[in-house]
Amino acid sequence: MTLAYVLMYHRVCERTEDTACWFARGTAVTPEHFATQIGWLRSRVRFVPLDAAVEGVLSGGGSDQRPLCAVTFDDGYRDAQVAVDQGVPATVFAVAAHTGDARDALWFDRYYDILHSARRRASVQGALLELPADAVVPAIDDDLCWWVRGPVKEALQAMEPTARDERLRQISEVLDASSRTLPRDLYFSRDELGALMRSGHAVGGHGASHSRLTSLDDATLAAELAASRALVDGLGDQPARLFCYPDGAWDGRVQAAVRTAGFPIACAVTEGVVSVESPRLALPRILMRDVLPGERGWPAALEAP
């Protein structure tokens, strides 16, 4: 039985606090470690785009019984270029309203940029962050995890876009932040995504605004998926086939809407290996972290013969 590994990457950047990428993304991988991970896998797997991996599993994969492996990158970051440069087929999930051509970066990248560039990094009162007045607010450099996974981030996640933009502006003022992330520096443009597709890589949808789809009403959900489909369909002659649930949030209603929108394959964030029994609209993936083969945290599934 042919199996497929679907690797999930987000950011690939140097391990330095000079960039908001490494400063705030616990899933970031250094370029050196990415190259080592790919090099270790080369003799063990067959690298293919995601749709080819799914079809290969269903068809049995032919005489070569090595596992198939699709390398996916969420959010449309330019970091996926590292795979292209190493001759590995990349599958890039792009956010329709936040490509490199957009006016604003994704809200969480703007938030991370605020934290990175903040001049006031300690002694912040909870009330200034819309928290209870007696809330304990740690210094950014003492407890970054609180800032990127705690109540401030969760409150931002739950907001409507207009309210979220205002709250980000307020947080920027409270923390005396000066920097502004530019979409063109973070994400592939539409033209670049089209070029990737024409050169044999794959581009999939990742929503219009990276909203958690389970939180949307039916009309807004349909609009998010339609915009995502339009982005991919507009890149070239290949119709949209691939989708990835933003934040891994999906349920039966969302899955049905993705199918209705015309995406026959969708990725979740559930850990696992793709087999013939895997649901095509909830494919498991393997989260790749900044560790090397044999180190603690290296995915055990990749060690299987």
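The values are calculated or read from the model by the stated rules, or taken from the named source; none is laboratory data. Here the structure is a predicted model, which is why all the values come from computation and not from measurement. Cβ placement follows ideal geometry from the backbone for every residue including glycine, while neighbour counts extend to all protein chains displayed.
Table for the structure above
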| quantity | calculated |
| --- | --- |
| Residues satisfying the stated conditions in region 95-110, i.e. at pLDDT below 95 and among the hydroxyl-bearing types (Ser, Thr, Tyr) | none |
| Residue under evaluation Trp250, criteria (1) over 23 Å from Leu193 (Cα atoms); (2) loosely packed, with under 15 Cβ neighbours inside 10 Å, criterion not met | (2) |
| Among residues of region 25-74, those that are over 23 Å from Ser278 (Cβ atoms) and in contact with a Pro (Cβ under 9 Å, 6 or more places away or on another chain), counted | 2 |
| Sole exception among (1) under 16 Å from Gly204 (Cβ atoms); (2) surrounded by fewer than 14 Cβ atoms within 10 Å (Cβ to Cβ); (3) in contact (Cβ under 8 Å) with a residue 40 or more places away in the chain for Cys244, by number | (2) |
| When residues of region 80-95 are limited to those that are touching a strand residue (DSSP E or B) at 6+ places or on another chain (Cβ under 7 Å) and assigned to a helix (DSSP H, G or I), the one nearest to Glu32 (Cα to Cα) | Val82 |
| Leading residue by the ranking (surrounded by the most Cβ atoms within 10 Å (Cβ to Cβ)) among those in region 20-41 that are more than 18 Å from the chain's Cα centre (by Cα) and β-branched (Val, Ile, Thr) | Ile38 |
| Qualifying helices (runs of 4 or more DSSP H) (wholly inside region 1-79; at least 2 residues being modelled with pLDDT under 95) | 20-24, 50-59 |
| Index of the failed condition, Asp247 passing every other in (1) at pLDDT below 95; (2) more than 18 Å from Asp51 (Cα to Cα); (3) over 15 Å from the mean Cα position of the chain (by Cα) | (3) |
| Looking only at region 76-132, and only at residues there that are under 17 Å from the mean Cα position of the chain (by Cα) and basic (Lys, Arg), the one that is surrounded by the fewest Cβ atoms within 10 Å (Cβ to Cβ) | Arg78 |
| Test: Leu242 is closer than 30 Å to Gly39 by Cα, assigned by TED's automatic domain parsing to the domain that holds Gly26, modelled with pLDDT of 95 or more and touching a Gly at 6+ places or on another chain (Cβ under 6 Å) | yes |
| Which numbered condition Asp191 misses (of (1) loosely packed, with under 14 Cβ neighbours inside 10 Å; (2) modelled with pLDDT under 95) | (2) |
| Verdict on Ala222 being touching a residue at least 24 places away in the same chain (Cβ under 8 Å), under 24 Å from Gly100 (Cα atoms) and part of a helix (DSSP H, G or I) | yes |
| Hits in region 12-46 (condition: in contact with a strand residue (DSSP E or B) (Cβ under 6 Å, 6 or more places away or on another chain) and among the charged types (D, E, K, R)) | Arg46 |
